[in-house]
Amino acid sequence: MEIDATAKTPESREVFDSSWLWVMGSGEEDWAGGSQQVQIIADKKSYAPGDVAHLSIVSQVPDFHALVVATGAATQFKKVLSSQGKTLSFDLPITGDSQPNLQVNAVFIQNDQMYEASKNIKVPPAQQQLTIEIAPVKQVFQPQQQAVYDVTAKDATGKPVSADLSFGVVDEAIYSLYPDTSGDILKRLYPDRYTYAQVTNSLQYYFSGRAGEKSPILAERRSLYKPQMAQVKPGNDVVQPKIRKAFPDTAYWAPEVHTDATGHARVTMTFPDSLTTWRTTVRAVTRDSKAGWSINRVIVRKNVIVRLGAPRFMRKGDELTIPVIAHNYLDTAKQIQVSLEVHGLDTVAGSPKTINVASKADGVVLWRLKASQIGTARLVAKALTNEESDGLEIMIPVEPAGVTRTINGVGERCGNADLVSVVANLALKKQGYEVLSGGGAEHLTELSRYVYEVANMHFRINQPFVGTSAFAHKGGMHVHAVNRVASSYEHIEPGLVAAVKPSKPTSRSR
């Protein structure tokens, strides 16, 4: 039954709460615990096709007759078995259809009490498992260096097999942001089955409803995943580096690699400029649905590294200090020439310097830069020594100073300004504001409609400037005035934003 309670506070506010009481007859148990659990014990943790599983049902009561059902893709075993004691043993043949698992259920009734047991029998498809070996020519590479991988595929007996492979090399760091959830390909092909024989009985049930309103309803029952060094310029004692500027997350992807009859395939690729751990993942499958996968990790590194503490973007007018950091992982201290080439930004302060950096340490040189124009800035930093050097190029967008750009006000941030209305007001109503060039305002309606269509959204008919009703009029005074002098009640000429106004204003709203 449901109990409702109300009360009044000293402030004359009414508070309310409700709760349920479950009412059971004498000797009855809670409806949620209508059956007693018994055990099914297996002689092994897993089986293979051809085995016989020796199973035992251990009961709390003697002399019972149990219905035993084993279910895979279909029912594979169904018998009523009897015991004169508290233990019942039986054999379950394991076949190929039992892979990757069987669900065994037993149920019996004794003295008006239902007893249930279940057991998941694992039958892994071991004969379908492929062993994949990935062998790179070495474990440590340098940027832009070619790498060769040898891949071999063998079946469960160790025999080489011809298989189709996917071969991918990605930056290991991305898995720190989002783990790889694809898992074992064999388990994806042969996932555990969660089918079972559902058993119901008439010993337990419950009703729910409201007294005095309608008859109680019988409730539904609850339903039972070689390093290449840079060349030294003549007459210079420092090594000139190859500038690093390619930093993709994925270094290589080949979805159609094939092993030959000897189970071998060779893959050649070139690493980009990122200094990181690169993870190679190979997944393989054969025509007869054997499958396997493996991963391998190699490192791309340098002994002298230059880094930039630069932002992802700047706005026009920004002025900031950018550190150029030189790391020395050589075994000896080094004099490092640190420089920064600046394109697209103004250098307020900063110049090349030579700093002494101890072994396994770093040094910093600062540059003060200012964004005076909109566009894309290019920064090239270098750290030069007589043994090894490094260079790094990055691009920084320089954005206009102003509001966040958004058309029609759509987006995830709260309070996004509708740039259509902002631009129209600044370009057409304010003097001295050059917002758009080349008469761009006349394309605002077209732009607004395009964004709505791409986003699969309905456009707003009353949206200022570009809505279909933005220049519609209603009411006798409006209509009479607009028919005589259009500018009397139109704040701008609709054609300035390519909006369409009613050909003949009427006193009725559109």
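Before moving on, here are some points about what is shown:
- Considering the range 92-115, the residues that are open to solvent by 10 Å² or more (accessible area, probe 1.4 Å), part of a strand (DSSP E or B) and of a type in the set (Val, Ile, Thr) include one that is nearest to residue 39 (Cα to Cα), namely 107.
- Candidates 370, 360 - the one that is touching a Phe, Trp or Tyr at 6+ places or on another chain (Cβ under 9 Å) and either open to solvent by less than 10 Å² (accessible area, probe 1.4 Å) or more than 30 Å from residue 453 (Cα to Cα) (or both): 360
- Output for the range 259-272, where each listed residue is open to solvent by 20 Å² or more (accessible area, probe 1.4 Å) and either out of contact with any Ser or Thr (no Cβ under 7 Å at 6 or more places or on another chain) or part of a loop (DSSP other than H, G, I, E, B) (or both): 260, 261, 262, 266, 268, 270
- Within the range 371-386, if we keep just the residues that are of a type outside the set (Ser, Thr, Tyr) and over 16 Å from residue 302 (Cβ atoms), the residue that is farthest from the chain's Cα centre (by Cα) turns out to be 373.
- Residue 322 vs. criteria of a type in the set (A, V, I, L, M, F, W, C), open to solvent by 30 Å² or more (accessible area, probe 1.4 Å) and either in a strand (DSSP E or B) or over 30 Å from residue 146 (Cα atoms) (or both): no
- Output for the range 36-55, where each listed residue is surrounded by 13 or more Cβ atoms within 10 Å (Cβ to Cβ), out of contact with any helix residue (DSSP H, G or I) (no Cβ under 8 Å at 6 or more places or on another chain) and among the hydrophobic types (A, V, I, L, M, F, W, C): 38, 40, 41, 42, 53, 55
- Restricting the first member to the range 139-165 and to residues that are under 17 Å from residue 292 (Cα atoms), and the second to residues that are of a type in the set (Phe, Trp, Tyr) and crowded, with 18+ Cβ neighbours inside 10 Å, the beta-carbon pairs closer than 8 Å and six or more apart or on different chains are 151/167.
- Scanning the range 273-289 for residues that are of a type in the set (D, E, K, R) and either assigned to a strand (DSSP E or B) or at pLDDT 95 or above (or both) gives 273, 279, 283.
- For residue 58: the one exception among (1) at pLDDT below 90; (2) among the hydrophobic types (A, V, I, L, M, F, W, C); (3) closer than 30 Å to residue 196 by Cα; (4) surrounded by 11 or more Cβ atoms within 10 Å (Cβ to Cβ): (1)
- Selection count, the range 373-393, where residues are open to solvent by 40 Å² or more (accessible area, probe 1.4 Å) and of a type in the set (A, V, I, L, M, F, W, C): 1
- Filtering 468, 445 for residues that are modelled with pLDDT of 80 or more, more than 18 Å from residue 422 (Cβ to Cβ) and buried (at least 16 other Cβ atoms within 10 Å of the Cβ) leaves a single hit, 468.
The values are calculated or read from the model by the stated rules, or taken from the named source; none is laboratory data. None of the values given here were measured: they were computed from a predicted structure. Note that each Cβ is placed from the backbone with ideal geometry, even for glycine, and that neighbours are counted across all protein chains shown. With ligands, DNA and RNA removed, areas are computed over all heavy atoms of the protein, side chains included. Shrake-Rupley method; radii C 1.70, N 1.55, O 1.52, S 1.80 Å.
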